[in-house]
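The values are calculated or read from the model by the stated rules, or taken from the named source; none is laboratory data. Predicted model, so just to flag it, every value in this text is computed and none were measured. A quick note on method: Cβ atoms are made from the backbone with ideal geometry, for glycine too, and the neighbour counts reach across all protein chains shown.
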């Protein structure tokens, strides 16, 4: 079996098609050349490896890809180790809030081990983080976990954050059961595809139909701002670094599921992203662990 043909198939399977594979190849090669050599591989095996449009691997293609994937994905790491060079680049994806609240502190700890750290940061939700990992654009991701990740991506839950409803101090009603039953005020939330809103809807099933978003905002900080201004009921979580302020009352949704914060990566995890993962595990045991409910502004169901 021609190993170069296997390498070309690896890039095609990994990036979802021949044209995308050509863009990600570490060396120059034309699309017709890739197509021709993949056809030679299929003729040699007597098996069709993938469907062209829409792209999907055949059972034979999936089996072959699983077999060759560890070898080709680990080539760069092994070559660096054999040359005695330590990779000093960390490519990290995370939610905006995590990057803002914990990124600098955690990265400072990593820099104690790797002073010449080269850093690439990307904001991402779960779907984006998974895409970044599968295309090897990042080494590690830390963001909300809601759905089961695709095969090959490892996850570790670091924290589970409780949901809260936020209402202005002069708003009525102020009990969660009344708010959820009456829904007299507009709902203020981050987008409907977010893990926060979807987790809220899971818990809401016991109270009736879904509660549609009336005011959709991009960040939790904006949700706080509009809820404090009396525009409706804000949906948020209790999380370190997220202060509700004196103009809001936080109403705990104790019987609702919690938003999961998790680390995502592919095996094997290199030394540098492994250092960052170790640091965020330590942080999770203190800052990211489920926070104790504040006595000020606390309300029960």
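The residues listed here are 140, 98; of these, the one that is surrounded by 18 or more Cβ atoms within 10 Å (Cβ to Cβ), in contact with a strand residue (DSSP E or B) (Cβ under 6 Å, 6 or more places away or on another chain) and at pLDDT 90 or above is 140. Only one of the numbered conditions (1) assigned to a strand (DSSP E or B); (2) surrounded by 15 or more Cβ atoms within 10 Å (Cβ to Cβ) is not met by residue 42, and that is (1). Consider segment 111-137 and keep the residues that are more than 27 Å from residue 70 (Cα to Cα) and assigned to a helix (DSSP H, G or I). The one that is modelled with the lowest pLDDT is 113.
Answer yes or no: is there a residue in segment 64-82 that is at pLDDT 90 or above and more than 30 Å from residue 275 (Cα to Cα). Yes. For segment 261-278, the tally of residues that are touching a strand residue (DSSP E or B) at 6+ places or on another chain (Cβ under 8 Å) and either part of a loop (DSSP other than H, G, I, E, B) or closer than 19 Å to residue 205 by Cα (or both) stands at 2.
Residues checked against (1) over 14 Å from residue 265 (Cβ atoms); (2) out of contact with any helix residue (DSSP H, G or I) (no Cβ under 9 Å at 6 or more places or on another chain); (3) not assigned by TED's automatic domain parsing to the domain that holds residue 275:
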residue: 68; (1), (2), (3): yes, no, yes
residue: 94; (1), (2), (3): no, no, no
residue: 129; (1), (2), (3): no, yes, no
residue: 137; (1), (2), (3): no, no, no
residue: 142; (1), (2), (3): no, no, no
residue: 146; (1), (2), (3): yes, no, no
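Scanning segment 180-211 for residues that are under 24 Å from the mean Cα position of the chain (by Cα) and either at positive phi or assigned to a loop (DSSP other than H, G, I, E, B) (or both) returns 190, 191, 192, 193, 194.
Would you confirm, using the coordinates I've provided, whether residue 179 is assigned by TED's automatic domain parsing to the domain that holds residue 249, touching a strand residue (DSSP E or B) at 6+ places or on another chain (Cβ under 8 Å) and over 29 Å from residue 101 (Cα atoms)? The answer is yes for residue 179.
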